[in-house]
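The values are calculated or read from the model by the stated rules, or taken from the named source; none is laboratory data. Every value quoted in this text rests on a predicted model; they were computed, and no experiment measured them. Don't worry about glycine lacking a Cβ; one is built from the backbone with ideal geometry, like all the others, and counts go over all protein chains shown.
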Amino acid sequence: MGLGPDIVIPGQEGFGNTEWQYGIAGAIIQRFFNDKLIVGLLVQQTWGKSSVENGGTIKSPFVFNPFANLQLGGGWYIATNDMQAQYNWQTEGITVPIGSRFGYVLVQPKKSWNLYLEYATNLATDKWLGSAAKSQIRLNISMTMPM
């Protein structure tokens, strides 16, 4: 379990948020069945300055990110996708992504590989102003090397 500050660094114009944001984040993780099942929750709320035209402080979307991962053995797993349910305080819009992932992790002495296939859809209200894909499929291959 953890609780701490959440700082969003501005991005380039046209790619995400271009303003500094500050807030709080909390997480909790629980393991079950000899560490074969891991479930958790990440909650975030940040606030930031709006543009000069809007003047004042705005509330950024509240983010609710539940996750679960079930180890099947031999490196295989099933898990939730990278769900980030969000609530926008200004528009009262909600988006809830739903999906699942099937993957394989290969651990080697100096690196590990994570390969997965994921399907996700997005439930959003008419008041949600951000993007919300109806269907998406992701194929991921990533390598991790300890430093």
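State whether the residues of the stretch 46-60 include one that is within 28 Å of residue 115 (Cα to Cα), modelled with pLDDT of 80 or more and not charged (D, E, K, R).
No, the conditions are met nowhere in the stretch 46-60.
Please tell me if residue 25 is surrounded by 12 or more Cβ atoms within 10 Å (Cβ to Cβ), in contact with a Pro (Cβ under 9 Å, 6 or more places away or on another chain) and either part of a loop (DSSP other than H, G, I, E, B) or at pLDDT 90 or above (or both).
Here the answer is yes, as residue 25 does meet what is asked.
In the stretch 101-115, which residue that is among the polar types (S, T, N, Q) and surrounded by 14 or more Cβ atoms within 10 Å (Cβ to Cβ) is nearest to residue 60 (Cα to Cα)?
Applying the first criterion (among the polar types (S, T, N, Q)) to the stretch 101-115 yields 108, 112, 114.
Then drop every residue that is not surrounded by 14 or more Cβ atoms within 10 Å (Cβ to Cβ), which leaves 112, 114.
Working: 112: 36, 114: 32 Å.
Per the stated criteria, the residue is 114.
Name the pairs: first residue in the stretch 68-96 and part of a loop (DSSP other than H, G, I, E, B), second residue among the acidic types (Asp, Glu) and surrounded by 15 or more Cβ atoms within 10 Å (Cβ to Cβ), Cβ to Cβ under 9 Å, at least 6 apart or on different chains?
Cβ pairs passing all conditions: 81/118; 82/118.
Run residue 133 past the list (1) surrounded by fewer than 14 Cβ atoms within 10 Å (Cβ to Cβ); (2) among the hydrophobic types (A, V, I, L, M, F, W, C); (3) part of a strand (DSSP E or B); (4) at pLDDT below 90 and report the number of the one that doesn't hold.
Condition not satisfied by residue 133: (3).
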